[in-house]
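Engineer: There's a structure below that I have some questions on.
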Amino acid sequence: MTTKAAQLDSIFSALADPTRRQMIEQLGKRDHTIAELAGMFDMSLPAVSKHIKVLDNAKLLSRERSGKYVVCHYEPKPMKEALKWLNKQQQFWNEGFDKLEKYLDANSK
């Protein structure tokens, strides 16, 4: 498996969980500490930390220590790569459907 494919796998795997998607939405608005995220999602710190680790492994966020807190920051670049892949797939299918429609139109007369 290529590095790019492995990266896409980790991004889509991370985004498969609704809580992680909501965390990304919140982090897209502004940076949050792990404690803030735990409060928003009514979760324990260890549970939030597990989600953060998955998002970090997918490179969808970065973490920075600020005193006794860990601040999480959304990293949009991997999401852009995933969207590029999705757009390419959409284009492929749209072209296929267009060809099928033309074929059916030509052969239905």
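The values are calculated or read from the model by the stated rules, or taken from the named source; none is laboratory data. Source: prediction; values computed, not measured. Glycine gets a Cβ as well: all are built from the backbone with ideal geometry, and neighbour counts include every protein chain shown. Ligands, DNA and RNA are stripped out before the accessible areas are found, and what is left, the full protein with its side chains, is counted by its heavy atoms. Shrake-Rupley method; radii C 1.70, N 1.55, O 1.52, S 1.80 Å.
Engineer: Give the residues of region 61-83 that are within 13 Å of LEU27 (Cβ to Cβ) and among the polar types (S, T, N, Q), sorted by residue number.
Structural biologist: Within region 61-83, just SER62 meets the criteria.
For (1) open to solvent by 90 Å² or more (accessible area, probe 1.4 Å); (2) of a type outside the set (Ser, Thr, Tyr); (3) without any contact (Cβ under 8 Å) to a residue 40 or more places away in the chain; (4) under 21 Å from SER10 (Cβ atoms), each residue gets a yes or a no:
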residue: LYS68; (1), (2), (3), (4): yes, yes, yes, no
residue: HIS73; (1), (2), (3), (4): no, yes, no, yes
residue: MET79; (1), (2), (3), (4): no, yes, no, yes
residue: TRP85; (1), (2), (3), (4): yes, yes, no, yes
residue: LEU100; (1), (2), (3), (4): no, yes, yes, no
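Engineer: Can you name every residue in region 48-72 that is in a helix (DSSP H, G or I), more than 24 Å from ALA5 (Cβ to Cβ) and not β-branched (Val, Ile, Thr)?
Structural biologist: Of everything in region 48-72, those that are in a helix (DSSP H, G or I), more than 24 Å from ALA5 (Cβ to Cβ) and not β-branched (Val, Ile, Thr) turn out to be SER49, LYS50.
Engineer: In the set LYS59, LYS50, which member is open to solvent by 90 Å² or more (accessible area, probe 1.4 Å) and in contact (Cβ under 8 Å) with a residue 24 or more places away in the chain? Step through it out loud before you land on a result.
Structural biologist: Details: LYS50 fails: in contact (Cβ under 8 Å) with a residue 24 or more places away in the chain.
Matching residue, one of LYS59, LYS50: LYS59.
Engineer: Taking the residues in region 23-47 that are closer than 15 Å to TYR74 by Cα, of a type outside the set (Lys, Arg) and not in a helix (DSSP H, G or I) as candidates, determine which candidate is most open to solvent (accessible area, probe 1.4 Å). Reasoning before the result, please.
Structural biologist: Taking region 23-47 first, the residues closer than 15 Å to TYR74 by Cα are 23-34, 36-37.
Adding the requirement that they be of a type outside the set (Lys, Arg) leaves 23-28, 31-34, 36-37.
Narrowing the set further to residues that are not in a helix (DSSP H, G or I) leaves 31-33.
On the way: ASP31: 65, HIS32: 7, THR33: 24 Å².
The residue in question is ASP31.
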